[in-house]
Amino acid sequence: MMQSLTYSFLAGTSTVLGAIVLMFVGSPGHKTMASLLGFAGGIMVAVSLFELVPEAVELGSMTVMTAGFLLGCGLMYLLDRALPHAHLSETDHLEVENPEHLHIKSRGVLRTGYLIFLGIALHNVPEGLAIGAGLESSPRLGLAIAVAMGLHNVPEGLAVAGPLKAGGLSNLRVCLFTLGAGLMTVVGTALGLLVFRISEAFIAGSLAFAAGAMMYIVNDELIPQSNSMHSHSANAGLIAGLVIGFFLFL
């Protein structure tokens, strides 16, 4: 249990790294961000297809795996439809240093930041479930998912911190908000730990659910965002993540 919560905590709190980078370094270059997002996507695809899905079939059945996978995709789709979850590329124009040039009142910018915070916080709950489900299968798989989620959470921290900082919040409060969004990953893992041991079929469904949620994240967020920033760097990162996945999971 402690291992699951520790991995989830480290993955979730990586959102704060995004805020810290924004405050002290500024937004990373598009090539760097594209590589990071592409790499996270490659790891997630490898984890999902080479480990989570086969393990779900082995513990359960094709029916259980398919149902869990579709449930994971469906939940992420519903969250996207119901909640604001702005992508990093949609908040790039919010210049932290010169909010007066935005032609948007700081109160409106701050409201945008709060909405992005809410959306990302609730999106992080199923990501925590994915980490917990992976650890139910093996420590190696749980660690791989946590690393991939952690890499994915750094740019999410940037997306939360940008409008909050532009809206006038102090550095401390910006860090606290990004930390709060990340810690929802731990909430998801804790919820999963309460129910994962019901049966092998439930564990199988949870593994497939994690695969579906991650594949949705990759296709809906990581690949489009990374390619919009710098397609060649995005592809290099994606290929690197997949190659590492080959060695880890095949």
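Assorted remarks:
- Residues that are in contact with a Ser or Thr (Cβ under 7 Å, 6 or more places away or on another chain) and crowded, with 18+ Cβ neighbours inside 10 Å do occur in region 199-210.
- When residues of region 88-136 are limited to those that are among the hydrophobic types (A, V, I, L, M, F, W, C) and in contact with a Phe, Trp or Tyr (Cβ under 6 Å, 6 or more places away or on another chain), the one modelled with the highest pLDDT: 131
- Residue check, residue 194 surrounded by fewer than 18 Cβ atoms within 10 Å (Cβ to Cβ), without any contact (Cβ under 8 Å) to a residue 24 or more places away in the chain, over 15 Å from the mean Cα position of the chain (by Cα) and more than 18 Å from residue 126 (Cβ to Cβ): no
- All told, residue 234 meets the bar of being modelled with pLDDT of 90 or more, of a type in the set (Gly, Ala, Ser) and more than 14 Å from the chain's Cα centre (by Cα).
- Unique residue being in contact (Cβ under 8 Å) with a residue 24 or more places away in the chain and crowded, with 18+ Cβ neighbours inside 10 Å when the list is 59, 70: 59
- Identity of the residue in region 1-32, among the aromatic types (Phe, Trp, Tyr) and touching a residue at least 24 places away in the same chain (Cβ under 8 Å), that ends up surrounded by the fewest Cβ atoms within 10 Å (Cβ to Cβ): 9
- Any chance residue 179 is over 13 Å from the mean Cα position of the chain (by Cα) and either surrounded by fewer than 24 Cβ atoms within 10 Å (Cβ to Cβ) or basic (Lys, Arg) (or both): yes
Residues are listed down the side, and each one gets a yes or a no for (1) farther than 26 Å from residue 78 by Cα; (2) part of a helix (DSSP H, G or I); (3) touching a helix residue (DSSP H, G or I) at 6+ places or on another chain (Cβ under 6 Å):
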| site | (1), (2), (3) |
| --- | --- |
| 183 | no, yes, yes |
| 227 | no, yes, yes |
| 239 | yes, yes, no |
| 242 | yes, yes, yes |
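- Check on residue 33, under 20 Å from residue 123 (Cβ atoms), modelled with pLDDT under 85 and either in contact with a Gly (Cβ under 8 Å, 6 or more places away or on another chain) or not β-branched (Val, Ile, Thr) (or both): yes
- One residue from 84, 139 being over 14 Å from the mean Cα position of the chain (by Cα) and at pLDDT 80 or above: 139
The values are calculated or read from the model by the stated rules, or taken from the named source; none is laboratory data. The structure presented is a predicted model; accordingly, all values stated were derived computationally and were not measured. A quick note on method: Cβ atoms are made from the backbone with ideal geometry, for glycine too, and the neighbour counts reach across all protein chains shown.
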